[in-house]
2 protein chains.
Amino acid sequence: MDFYKNEPSLLLAVDCIIFGFNGESLEILLIKRGFEPERNKWSLMGGFVQPDENPQQAASRILKKLTGLEDVYMEDCGIFGDPDREKYGRVVSIAHFALIDTHQYQHIISEEFEARWFPLKEQPELIFDHPQMIEKAKQKLRMKAALYPILFELLPEKFTIPQIVALYEGVYDTELDTRNFSRKLLSSELIIKLKEKDKENSKKGAFYFRLNKDIYKEKIMSFLSYLPSWSLNG
Amino acid sequence: MDFYKNEPSLLLAVDCIIFGFNGESLEILLIKRGFEPERNKWSLMGGFVQPDENPQQAASRILKKLTGLEDVYMEDCGIFGDPDREKYGRVVSIAHFALIDTHQYQHIISEEFEARWFPLKEQPELIFDHPQMIEKAKQKLRMKAALYPILFELLPEKFTIPQIVALYEGVYDTELDTRNFSRKLLSSELIIKLKEKDKENSKKGAFYFRLNKDIYKEKIMSFLSYLPSWSLNG
DNA sequence: ACAAAAGTGTTGATGTTACACCCATGT
DNA sequence: ACATGGGTGTAACATCAACACTTTTGT
C-alpha cells in the first residue's frame, strides 16, 4: 500500500500578505521575527501546514494567530518553491493574501509578535523571497479588482466615496476622477447611501455608504463569465 | 541549525490540466493511469516535485513527459490539500493548467500513457479531486482571458478568425457575433492578415492571420494596470 | 443559379472623459 | 466671506450590439 514511499517529502509553508486599508492609504502588516532563522528581521507572517489542515486552513490559522480575526477574505497568490530558497531545509511556501479593515485589527495588538503596518511603498527589507510574494499579491489583487469589487473587503461597514477612491488609487497607483468614479459606483447600486456624514476630512462632509451585500454577491457569482474587454485598442 | 525539525513533512505533487484547441473545439488531455493507486482510471497527468526542482519546473517536466512539448504556457491554478484527499498518504497537489495547440501534439502519441483528448463537456469520471481542479482551471482561464489575449497560446501559427471565435465561444460557453468580434480584433492590430486562405470550412474561404507578437507582448505587460471595468451596471 | 460561410456598413444606444459649476460648512 | 473638499450637469467623444447587406466560390 506504500505506493509513494520512494517519493521525496518536504515542508509546506504558508506566508500571509496582509493588506489593510485605514481609510486613507493601503498598508501591509509585517512582523519582526522573534525566532530563528533570520531572527529580528522583518518578514511576512507565516507557518507550516499541519497534518490536520489544508493549506487554506493553515493560512487562516496563521492570520488569526497574528490578528485575532476570523472569516477574513483570503486567497492564494503564488507558489514559492525554489530548491534553495531557504538554507535550512526544503520548504515550499504558498503565498496568500488577506484583505482586512485595519480598524478591526488596531486593538488586538499581539504581544507575541512585533507587528507593524507599513505603507505599501515604504516596505523595509524582507527575508527570503518575501518581496516577490508581495509583488505577486499586488498583481493578483489588481487583477481580481479589475473584474469584480473585491476591494470592498478592505472597507469598514461605513465608508465614504472619497475613501473608496483613495483605495482604488492606492491599489492601482494612479489618480482617478472622484466625480466620475462615484457616479459609476452609484449607478451600480452596489452601495447604499446613509443619512450620516463624515465631517473629519472636509467642511461639507461626505456621506457614508454601506455595501449592498445582495448586489455584491451577485457580482461575485457572475464575474467568471465576463467576456474579454481587453482594451484591445490603445 | 535544525530549526524546522519538528515540523510535519508531506508529499507535494503537481497535476496538469492540459487544454488544447484543434481549430474547432476546446479539449482537455487525460491519461488512463497505468500505475497504482487507482490504476486504469482516467486522471490528469501528475507527478511529485523532486528535490532539485521547483513546482513550476515539476509541472513542465511532467507536461513534457506526456506530450514532448517544451516552452508551453503554464500557470498554477489552485492548491488541493485536504488532509484526506488521498488514501495512501498526505499529498498536497498544485494544479497547473497548460495551453497547447493540439496539432503540435498529435504525432507524439506517447506509448507509455494511454492519453486521449476529451471535449470539455464530455469528461469521463476522474479520480480524487481532479474534477474540481479542472473547474478551477476553467475559471482561471476565463479570468485571464477576460483581461488579456491569453487564448492565443492555444492557436497555431496560422489561424482564421472563425477559429478564434470558436475558441472564445468554447471557453466562455456562449455564442459570439463573429462579425463584431473580428472587427474588434482587427482594430487592435493584434493579428496580421496573411495572403493565404483556409478553404476547408467554407466556399468563400477565410483568410489566415498570424499573431503580432510585439503587440501581444505589450498587452501582456500592461494588463496588470487595467482599471475596474466590472460591469458595474447590468 | 444557389447555398453557405466570410466579411462590410450603418445605426441607435450606451458608456466614458473632461471639466464647468454649484453645494455645504468651519473658520 | 471665502476656502475647501463634495458632488451634479453636460457636451464631445468612443465603443458596442444588432442586423441588413455584399462578397466569394463550390456544387
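The rows are residues; the columns are (1) assigned by TED's automatic domain parsing to the domain that holds A:Ile17; (2) charged (D, E, K, R); (3) over 16 Å from the mean Cα position of the chain (by Cα); (4) closer than 23 Å to A:Asn22 by Cα.
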| residue | (1), (2), (3), (4) |
| --- | --- |
| A:Glu53 | yes, yes, yes, no |
| A:Ile62 | yes, no, no, yes |
| A:Gly68 | yes, no, no, yes |
| A:Val72 | yes, no, no, yes |
| A:Gly81 | yes, no, yes, no |
| A:Ile94 | yes, no, no, no |
| A:Phe97 | yes, no, no, yes |
| A:Ile100 | yes, no, no, yes |
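When A:Gln163 is tested against (1) of a type outside the set (Gly, Ala, Ser); (2) free of Cβ contacts under 8 Å to residues at least 60 places away in the same chain; (3) within 16 Å of DNA strand D (Cβ to nearest atom), just one condition goes unmet, and that condition is (2). Taking the listed residues B:Ala137, B:Ala115, the one that is touching a strand residue (DSSP E or B) at 6+ places or on another chain (Cβ under 7 Å) and in a strand (DSSP E or B) is B:Ala115, with no other qualifying.
Out of A:Lys121, A:Lys158, one residue alone is within 16 Å of DNA strand D (Cβ to nearest atom), open to solvent by 70 Å² or more (accessible area, probe 1.4 Å) and not β-branched (Val, Ile, Thr). It is A:Lys158. Do the conditions hold for B:Ser202, that is, is it polar (S, T, N, Q), within 16 Å of DNA strand D (Cβ to nearest atom) and either open to solvent by 10 Å² or more (accessible area, probe 1.4 Å) or more than 10 Å from chain A (Cβ to nearest Cβ) (or both)? So B:Ser202 passes the test. Note on the stretch B:205-220: residues that are within 12 Å of chain A (Cβ to nearest Cβ) and either loosely packed, with under 14 Cβ neighbours inside 10 Å or within 16 Å of DNA strand D (Cβ to nearest atom) (or both) total 4. The lone criterion from (1) over 25 Å from B:Arg39 (Cβ atoms); (2) touching a Cys at 6+ places or on another chain (Cβ under 9 Å) left unmet by B:Ala95 is number (1).
Close Cβ contacts (under 7 Å, 6 or more residues apart or on different chains) running from residues in the stretch A:175-194 that are within 11 Å of another protein chain (Cβ to nearest Cβ) and at pLDDT below 95 to residues that are within 10 Å of DNA strand C (Cβ to nearest atom) and open to solvent by less than 40 Å² (accessible area, probe 1.4 Å) comprise A:Lys184/B:Leu232; A:Leu185/B:Leu232; A:Ser187/B:Leu232; A:Ser188/B:Leu232; A:Leu190/B:Leu232. When the residues of the stretch A:162-197 are narrowed to those that are in a loop (DSSP other than H, G, I, E, B) and of a type in the set (Ser, Thr, Tyr), which ends up most open to solvent (accessible area, probe 1.4 Å)? Looking at residues that are in a loop (DSSP other than H, G, I, E, B) and of a type in the set (Ser, Thr, Tyr), I get A:Thr174. Applying the condition of being open to solvent by 30 Å² or more (accessible area, probe 1.4 Å) and among the aromatic types (Phe, Trp, Tyr) to the stretch B:65-114 and asking which residue is nearest to the other protein chains (Cβ to nearest Cβ) yields B:Tyr88. If you go through the stretch B:1-42 and keep only what is more than 7 Å from chain A (Cβ to nearest Cβ), free of Cβ contacts under 8 Å to residues at least 60 places away in the same chain and either in contact with a Leu (Cβ under 9 Å, 6 or more places away or on another chain) or of a type outside the set (D, E, K, R) (or both), you end up with B:Asn6, B:Phe35, B:Asn40.
The values are calculated or read from the model by the stated rules, or taken from the named source; none is laboratory data. These numbers come from a predicted model, not from an experiment. Neighbour counts are summed over all protein chains in view; Cβ atoms, including those assigned to glycine, are modelled from backbone coordinates with ideal geometry. Just the protein is used for accessible areas: all its heavy atoms, side chains included, with ligands, DNA and RNA removed. Shrake-Rupley method; radii C 1.70, N 1.55, O 1.52, S 1.80 Å.
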